[in-house]
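Here's the structure, in structure tokens; my notes come after.
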Amino acid sequence: AVSGSGGWPMSVFLTPDKKPFYGGTYFPPQDRWGMPGFPTLLPSIADSWKERRNEILTSADSAVNFLSRETSDTAPRVNKLSAETLESAFRRSEEGFDEVNGGFGSAPKFPRSHALSFLLRYWLRTKDPVALKIVERTLAAMSAGGLNDQLAGGFHRYSTDALWRIPHFEKMLYDQALLVQTYLDAFQATGKEDYARTARRTLDYVLERMTGPEGGFYTAEDADSIDPKDPSKKREGAYYVWEKKEIEEALGADAAVFCAHYGIEDSGNAVTDPHKEFIRQNVLYIAKPAEDAATQLLLGRGKAALLRLRAKRPAPYLDDKVLTDWNGLMIGAFARAAAVLKEERYRTAAEKAALFIEQTMKDVSGRLLHRYREGEAAIASNLNDYAFLLDAFLCLYETKFHADWLLRARETADVMIERFWDSERGGFYLTASDAEVLISRPKEIYDGAVPSGNSVAALALQRLAAFTGVDRYASLAGETLEAFSDKIAFDPSNSPVMLQALDFALDPSRYTCRDENCPIPVKDKKPPIKGDS
């Protein structure tokens, strides 16, 4: 609302009655890179509050009015969503596609996994080869690049360059979950084992580094860590980067082949290094394919040796809180992997995490809570917590078709509808009906780093309707699509998960079981659900 852009971390300054009047995405500790640091900013804010208070209050009122208009729009919808909406989104993706390097636009490059999953659906609908080419080239580039931890698996947050070489080294739980889902989609669409292999490596990383003893999944690993060569400093990527001589000392005669495969250079392989952080440092990426079994064996030996060395370095800080919504994404990814890859241990991990959320992250009245850490569950839940968990329960149901997971999905959907549904204009609010009153009650459809709760709810409710035969769920999903139809039509590429919901709505599915162990009769029979006739 203030600047036309946003991001994280975000700092917003409020009046005493909680109205925002100034904000920014990032302010460094000191003035640098053309940005004011906090020591410069704070006195300026204080002086403005003393000397220009009326101007600030007027600005704050304008911001509140703008946000209120955004969430209370009652104008009739003028756009009808259709297959043409999907085509429009595809064309925009095609225009932004980087033909040479994969991905969209130039640096920095983010994974945009939900956009890729939408394109796979679009390809399935239209058989347009360009849609599949965009997905395959991007997935291959990301898995081969420095964005993907070539030693231990897991994806970093984004690439600072157009080539996917030098990442911002933070690892977020939601990126692992969303990318696993997209690689699984690609594996199902093409049958190519490389995609399944990437999904497995990512899931195994999560099990190794981001899973708590109770089963919940941790939030993130930091980008910075203590420099092993100077313990008095923390440095971006210190845990992950290598000087060539380190690799040569560790691998001996194998080093030449290893360095050629992973693009290791004497002077370092950073494509861009504006802050001079990666002088003589290398990030492993696949520069040359391994053409035979002997080379693959040598590379496997080298990776194991470097992993042992890396384990001796100070590890990045682990953010070990458990978030309900991000766990919902990760549970869904593990459950889908269990079904698609026939890996029982992934189903076990998904079920353990789901039961942890169910048993631990609720208040005394049985309502979901948002955050858990060190034995304490707290913070009121929001729409994302319910929508993402609803989808996770449906994914778990699809692994073995145990009716308990479908019942949990229904219960979660019913509470979500009761507490978050906008009965006047359609769609779901981000905050519950009994939540703290804010200056506005937002409704979001932008599918950013994580998908919006409305998008996931619109898709999950249709899936729930297909499984149960309860038409109300599909009707609410349709009303959600209609509620945001103007915004979706204006810029469909901003809401790729909502587009997946639209794709589902345009061609409703009847569930047909292909698993001989599935207890649901095929044809018109519905699964047994308590309370339904």
Using Cα positions and a limit of under 15 Å, work out the aspartates and glutamates in reach of residue 80, with same-chain residues fewer than 8 apart set aside. 479, 482, 486, 491, 503
Where the centroid of each part is defined by its Cα atoms, how far is region 155-198 from region 234-249 in Å? 23 Å
Taking N as the residue count of region 48-152, its alpha carbon Rg divided by 2.2 N^0.38 Å gives 1.66
With 19 Å as the cut-off, how large is the P(r) tail for region 331-474, expressed as percent of Cα-Cα pairs? 53 percent
Given points 7 Å out from each Cα along the Cα-Cβ axis, report the residue 312 to residue 471 separation in nanometres with one decimal. 6.9 nm
Could you sort 221, 374, 358 by accessible area so the largest value comes first, with the probe set to 1.4 Å? 374, 358, 221
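Apply the Kirkwood formula to region 162-215: the hydrodynamic radius equals the inverse of the mean of 1/r over all pairs of different alpha-carbon atoms; give it in Å with one decimal. Walk me through the numbers before you get to the answer.
Values: mean 1/r = 0.0810 Å⁻¹.
Answer for region 162-215: a Kirkwood hydrodynamic radius of 12.4 Å.
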Structure shown: which of 19/109; 321/362; 192/288; 109/133 lie over 23 Å apart, alpha-carbon to alpha-carbon? 19/109
Set of lysines with alpha-carbon distance to residue 229 below 24 Å, sequence-local pairs under 8 removed: 171, 244, 245, 276, 303, 312
How much accessible area per residue does region 249-315 have, counting only protein heavy atoms and a probe of 1.4 Å, in square angstrom? 57 Å²
Here, chymotrypsin sites (Phe, Trp or Tyr not before Pro) of region 29-108 satisfying both criteria (DSSP loop; at most 15 other Cβ within 10 Å) are 33
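Hey, what number do you get for the chain at 222 nm if only DSSP H runs of n ≥ 4 count, each worth -39500 (n - 2.57), divided across all residues, to the nearest 500?
Numbers: 18 runs with 262 residues, N = 533.
That calculation yields -16000 deg cm²/dmol at 222 nm.
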Per-selection Kirkwood Rh - region 26-72 (Cα, Å, 1 d.p.): 12.5 Å
Bin all alpha-carbon pair distances of the chain at 10 Å intervals from 0 and give each bin's fraction as a whole percent. 3, 16, 26, 27, 18, 8, 2, 0
Trypsin sites (Lys or Arg not before Pro) in region 39-137 lying in a DSSP loop, each with at most 13 other Cβ atoms within 10 Å of its Cβ, come to 52, 80, 127
If packing is taken as the average count of other Cβ atoms within 10 Å, what order do 442-454, 288-300 fall into, highest mean first? 442-454, 288-300
Rounded to the nearest 0.05, FRET efficiency between residue 250 and residue 367 (Cβ-Cβ, R0 45 Å) equals 0.30
Over the Cα atoms of region 74-229 the radius of gyration and the largest Cα-Cα distance (Dmax), both in Å, equal 17.2, 63
Under a no-solvent Debye model with one identical scatterer per Cα of region 289-394, what's log10 I(q)/I(0) at q = 0.11, 0.14, 0.18 Å⁻¹? -0.53, -0.73, -0.90
Just from the alpha-carbon atoms, what are the Rg and Dmax of region 260-328 in angstroms? 16.7, 45
Can you send over the carbon and sulfur percentage of the accessible area for the chain, probe radius 1.4 Å, protein chains only? 51 percent
How much solvent-accessible surface does residue 95 expose, in Å² to the nearest 10, with a 1.4 Å probe and all protein chains in place? 150 Å²
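The values are calculated or read from the model by the stated rules, or taken from the named source; none is laboratory data. Quick caveat: nothing in here was measured; it's all calculated off a predicted structure. Using ideal geometry, Cβ is built from the backbone for each residue, glycine included, and neighbour counts are taken over all protein chains shown. Ligands, DNA and RNA are excluded from the accessible area calculation, which covers all protein heavy atoms including side chains. Shrake-Rupley method; radii C 1.70, N 1.55, O 1.52, S 1.80 Å.
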